[in-house]
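Trainee: Submitted below is the structure of interest, expressed as structure tokens.
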Amino acid sequence: MALYEHTFLARQDLSQAQVDALAEAATKIVEDNKGKVVKTETWGLRTLAYKIQKNRKAHYVMLDIDAPGDTIAELERQTRMNEDVLRYLTIRVDEHEKGPSVMMRKNERKGRGRDGEN
């Protein structure tokens with residue numbers, strides 16, 4: 001099976017529970033089609049570079065997936081039909097990143113002083 005990263009942006013007016021439900025629905029789609037979600041990361045509500053469907057912000061969620069290609073096709077088909085998802089992107093990767101993603105590590109660094117000093 002191939003390795004993928006699937007990231008989607010959900011509408012800003014959704015609650016965190018609704019965003020988690022979207023991630024669970026995506027996980028269920030993958031698992032029902034002989035795939036496996038290795039890791040799920042919620043990056044939170046972030047400002048967009050430009051408005052998308054009148055939204056200035058969006059909830060970002062990333063899934064690390066180990067699945068065949070037809071499973072990804074089904075996931076993207078159902079994601080496309082969901083009105084709560086503004087955008088999505090699925091890429092094939094050689095291996096999944098160990099530990100937290102770059103976006104999660106970025107949040108950890110915010111507490112540091114100038115030039116990375118504590």
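Trainee: Can you run down the residue pairs with Cβ atoms below 7 Å, 6 or more apart or on separate chains, where the first is in the range 90-118 and exposed (fewer than 11 other Cβ atoms within 10 Å of the Cβ) and the partner is of a type in the set (Lys, Arg) and at pLDDT below 80?
Mentor: Asn118/Arg112
Trainee: Next question. Would you pick out the residues in the range 72-111 that are part of a loop (DSSP other than H, G, I, E, B) and either at pLDDT 95 or above or among the acidic types (Asp, Glu) (or both)? Let's see the steps before the verdict.
Mentor: The initial filter retains those residues of the range 72-111 that are part of a loop (DSSP other than H, G, I, E, B), namely 82-84, 94-101, 110-111.
Passing the criteria: Glu83, Asp84, Asp94, Glu95, Glu97.
Trainee: What pairs come up if the first residue lies in the range 58-77 and is surrounded by fewer than 22 Cβ atoms within 10 Å (Cβ to Cβ), the second is of a type in the set (Phe, Trp, Tyr), and their beta carbons are under 6 Å apart, counting only those six or more places apart or on different chains?
Mentor: Short answer, once both residue conditions are applied: Tyr60/Trp43; Ile72/Tyr4.
Per-residue answers, yes or no, for (1) β-branched (Val, Ile, Thr); (2) not in a strand (DSSP E or B):
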| site | (1), (2) |
| --- | --- |
| Glu31 | no, yes |
| Lys34 | no, yes |
| His59 | no, no |
| Ile65 | yes, no |
| Asp70 | no, yes |
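Trainee: Is there a residue in the range 39-47 that is in contact with a Lys or Arg (Cβ under 9 Å, 6 or more places away or on another chain), part of a strand (DSSP E or B), loosely packed, with under 15 Cβ neighbours inside 10 Å and of a type outside the set (Ser, Thr, Tyr)?
Mentor: Yes, the range 39-47 contains at least one residue that is in contact with a Lys or Arg (Cβ under 9 Å, 6 or more places away or on another chain), part of a strand (DSSP E or B), loosely packed, with under 15 Cβ neighbours inside 10 Å and of a type outside the set (Ser, Thr, Tyr).
Trainee: Further question: Give all pairs with beta carbons closer than 6 Å in which a residue from the range 12-36 that is within 21 Å of Met1 (Cβ to Cβ) meets a residue that is surrounded by fewer than 15 Cβ atoms within 10 Å (Cβ to Cβ); count only pairs at least 6 apart in sequence or on separate chains.
Mentor: Cβ pairs passing all conditions: Ile29/Gln78.
The values are calculated or read from the model by the stated rules, or taken from the named source; none is laboratory data. What you see is a predicted model, and the numbers here were worked out from it, not measured in a lab. Because the Cβ atoms are built from the backbone with ideal geometry, glycine has one as well, and the counts that use them run over all protein chains shown.
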